[in-house]
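In what follows, a structure is listed as C-alpha cells, so that the remarks can point back to it.
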Amino acid sequence: MDRRELVRELVAVVGQDGVLASDYDLLLYQYDGSIDTARPDVVVLPRSAEQVAAIVRLAGVHGVPVVARGAGTGLSGGCIPVAGGILLGFARMNRIVEIDLPDLRAVVEPGVVNLHLSQAVAHERLQYVPDPSSQKACTIGGNVGENAGGPHTLAYGVTTNHVLGLELVTAEGEIVQVGGRALDGPGYDLTGLLVGSEGTLGVVTKIIVRLAPLPEAVKTLLAVFESVRKASEAVSRIIGAGVVPAALEMMDAVTLRAVEEATHFGYPMDAGAVLIIELEGLREAIEEQAEQVGALCREVGVLDLRVARDDRERALLWKGRKEAFGALGRLCPEYYVMDGVVPRSKLPEVLDEITAIAERYGLRLANVFHAGDGNLHPLLMFDSDDPTAEQRVREAGAEVLRVCAAVGGSPTGEHGIGVEKRDLMPLFFDDADIEAMKRLKAVFDPDERFNPGKIFPTPGACGELKPRSVSVASLAGGGW
Ligand SMILES: Cc1cc2nc3c(=O)[nH]c(=O)nc-3n(C[C@H](O)[C@H](O)[C@H](O)COP(=O)(O)OP(=O)(O)OC[C@H]3O[C@@H](n4cnc5c(N)ncnc54)[C@H](O)[C@@H]3O)c2cc1C
C-alpha cells in the first residue's frame with residue numbers, strides 16, 4: 001500500500017478536513033471500550049453514502065481493509081482495525097433524515113446517537129425503544145453492527161426487532177437497499193442477516209427503524225435482597241409467573257456501593273443485590289402487576305421494596321443503573337466486561353461459578369446486568385501496571401464463557417464477538433458451523449475487505465475456505 005497516495009486520493013473524495021493521518025490522531029482512534037487496541041493507517045470522516053462508496057472502491061484499488069466506527073463504545077473490539085487500513089468514522093453522518101409519523105418509522109444516518117432519536121420524537125409521545133446503557137454516546141450504526149440490547153429489550157427485543165431496512169455500501173462499492181418500511185418483505189431477510197454482522201458484510205449508510213408510542217403509565221420498583229442468589233430466585237419467579245416486566249436489571253453489592261457513592265440516590269449500601277423492575281402499560285394493568293411482583297419478591301424474602309414516587313426519582317434510579325460501569329471506574333483503573341447469556345433458571349449457579357473464577361484468578365468482581373434476559377455482565381477489575389493482570393483477566397473471561405457454553409448459553413447477548421471472543425467461538429460452534437458462516441461472509445465480501453480479524457477464530461482454530469465471488473447487489477431488493 002502506498003499510504004501517501006491513498007491519503008491523497010481520500011482527500012480528493014472527502015476534502016482535507018475529512019481525513020486524519022497524523023500519529024496523534026491515529027493514536028486516538030486505536031481504542032474502543034474493550035481492552036484490545038490497534039492503529040488504523042488513516043481515518044476518514046465521510047458525509048454521504050456516495051463518499052462511503054468511493055472510499056470502499058479506493059480501498060479495493062489499494063487492497064486495504066475498511067473498518068466502520070460509530071462512537072467507539074463497543075465492548076468487544078468491534079471497531080478496532082486489527083489489520084490496519086481505513087477507519088470509516090460516522091461522526092459526520094448523523095442526520096435524522098426523516099420522521100414518518102403516520103407509519104411510525106424514522107430514517108437515520110448511522111452516526112445518529114441512540115438517545116437523540118428518542119429525544120427528537122418525545123414531544124409526539126414516541127420513542128426508539130432499544131436503549132443501551134451507553135445510549136447517550138453510542139450510535140444507531142454501532143447498534144446495528146452489534147445488534148445492541150439494553151434494559152428495555154426484555155419486553156421489546158433487541159435492535160434487530162426495530163430495524164426494518166438498511167442502505168449499505170457493498171464490497172464492490174455499490175449502494176444498495178435491503179428491507180424497507182413495510183413489514184415482512186419478500187425474499188431472504190437480508191436486513192436480519194446484516195444486523196449484528198459487526199461491519200463484516202457491508203457498511204451501513206442509512207437505517208429505517210420503527211418508532212413506538214410511549215406507554216400510558218410506568219412504574220419502577222427497587223427490590224432489595226440479602227444476596228445475588230435471592231435476587232436471581234426472584235427473577236425466575238417473576239418470569240415464571242408470566243409477568244414480563246419492561247426491564248428487570250440486577251446490581252450486586254460491589255456495584256451498589258459504587259453507584260450510591262456516585263449518585264447519592266439512596267441505594268442501600270448494605271444490601272447483597274437489588275433488582276430494578278420496570279412495569280409499563282395501561283395504568284390499571286400495571287397496578288395489578290406491581291402487586292403480583294411484590295408478592296413474588298416477598299416469597300423469596302425481599303428485604304425492602306420501594307416504588308419510584310415520580311419521574312425525577314425514576315430518572316435517578318435509571319441514572320444509577322445506566323452509569324454503573326462508569327461508577328465502577330471509581331474502584332479500579334481498568335475493567336473487563338464479559339457478555340455471556342445463560343438460561344434464566346441457571347443464573348444462581350452460574351453467578352456462584354463466576355465468583356469462584358474471579359477468586360481463583362485473584363480479581364475483584366462486580367455484577368450489573370440484564371437479569372431478565374439472563375444476559376450477564378461480570379466486570380473483572382484490574383490494574384494494567386500489574387504485569388500479570390491483563391493475562392489473568394483474559395483467562396478468567398474465557399472461563400466465564402466456558403461456563404456459559406456448558407449450560408447451553410451464548411457468548412454474547414449484545415456486545416458482539418469482535419476480537420475479544422473470536423477464538424472462543426469453537427466453544428459454541430463446530431467447524432462446520434464456522435465454515436458455513438465463512439461462506440456467507442465470502443458471498444458479501446470475497447476479498448475480506450470489511451473488518452477483517454473479527455468474529456472468526458484466528459487461523460489454525462478451524463479449516464481454511466475458498467471464497468466464492470457473488471455480488472450482494474444481486475440479492476438485494478425490497479420496497480425502500
Ligand atoms: C458504559 C457502557 C455501557 C454499555 N451498555 C450497553 C448496553 O446496555 N447494551 C448494549 O448492547 N451495549 C452496551 N454497550 C456496548 C456498546 O455501547 C454497544 O455495542 C453499541 O452498540 C456500540 O455502538 P458504537 O456507536 O459505539 O459502535 P462502535 O463501537 O464504534 O462499533 C461497533 C460495531 O459496529 C460496527 N459499525 C459501526 N458503524 C457501522 C456502520 N455504519 N456500518 C456497519 N458496521 C458498523 C463496527 O465496525 C463495530 O463492529 C455499553 C458500552 C459502554 C461503554
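Coordinate-derived values only; no laboratory data. Values in this document were obtained by computation on a predicted structure and should not be read as measured data. Cβ sites come from the backbone with ideal geometry, for glycine too, and all protein chains shown count toward neighbours.
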Note to self: Starting from 0.36 nm per residue, how many nanometres of slack lie between GLU50 and GLU299 once their C-alpha separation is accounted for?
What the structure shows: 83.7 nm
Notebook entry, point to check: If you count the DSSP beta bridges with both ends in the chain, what percent of them are antiparallel, to the nearest 5?
Noted result: 90 percent
Item checked: Mean Cα-pair separation over length for the stretch 42-119, i.e. relative contact order, pairs under 8 Å, 6 or more apart, % -> 30 percent
Check: Using Cα-only point scatterers and the Debye equation, what is log10 of I(q)/I(0) for the stretch 345-395 at each q in 0.27 Å⁻¹, rounded to two decimals?
Finding: -1.04
Next item on the list: Decide, for the stretch 3-89, between rounded, prolate and oblate: order the square roots of the alpha carbon gyration tensor eigenvalues as a ≥ b ≥ c, take rounded if a/c falls under 1.5, and otherwise choose prolate if a/b is larger than b/c, else oblate.
Entry: prolate
Check: Per the helix-only calculation at 222 nm, which mean residue ellipticity applies to the chain, given -39500 (n - 2.57) for every DSSP H run of n ≥ 4 and division by its residues, nearest 500 deg cm²/dmol?
Finding: -10000 deg cm²/dmol
Notebook entry, point to check: What order do you get for CYS404, CYS332, CYS138 when you list them from fewest to most C-beta neighbours inside 10 Å?
Noted result: CYS332, CYS138, CYS404
Next item on the list: Once you have a ≥ b ≥ c as the square roots of the Cα gyration tensor eigenvalues for the stretch 332-423, tell me rounded if a/c is under 1.5, and otherwise prolate or oblate according to whether a/b is larger than b/c.
Entry: prolate
Notebook entry, point to check: In whole Å, what is the distance between the alpha-carbon centres of the stretch 414-453 and the stretch 145-174?
Noted result: 18 Å
Check: Taking LYS346 as the anchor, which lysines have their alpha carbon closer than 16 Å to its alpha carbon, excluding any fewer than eight residues away along the same chain?
Finding: LYS230
Check: Residue farthest toward the positive end of the dipole of the chain, with Cβ of Lys/Arg at +1 and Asp/Glu at -1: which of VAL259, ILE417, ALA217?
Finding: ALA217
Notebook entry, point to check: Using the Cα gyration tensor of the chain, with a ≥ b ≥ c the square roots of its eigenvalues, what is the shape: rounded (a/c below 1.5), prolate (a/b larger than b/c) or oblate (neither)?
Noted result: prolate
Notebook entry, point to check: Any idea how far the Cα center of the stretch 1-16 sits from the one of the stretch 267-337, in Å?
Noted result: 51 Å
Check: So for ARG449, ARG69, fewest C-beta neighbours within 10 Å to most, what's the order?
Finding: ARG449, ARG69
Notebook entry, point to check: According to the Cα gyration tensor, what semi-axes, each the square root of 5 times an eigenvalue, does the equivalent ellipsoid of the stretch 253-335 have, listed from largest to smallest in whole Å?
Noted result: 27, 15, 10
Next item on the list: Please grab the % of Cα pairs in the stretch 50-173 that end up more than 25 Å from each other.
Entry: 27 percent
Check: Which ordering of VAL66, VAL243 is given by a fewest-first count of other beta-carbon atoms within 10 Å?
Finding: VAL243, VAL66
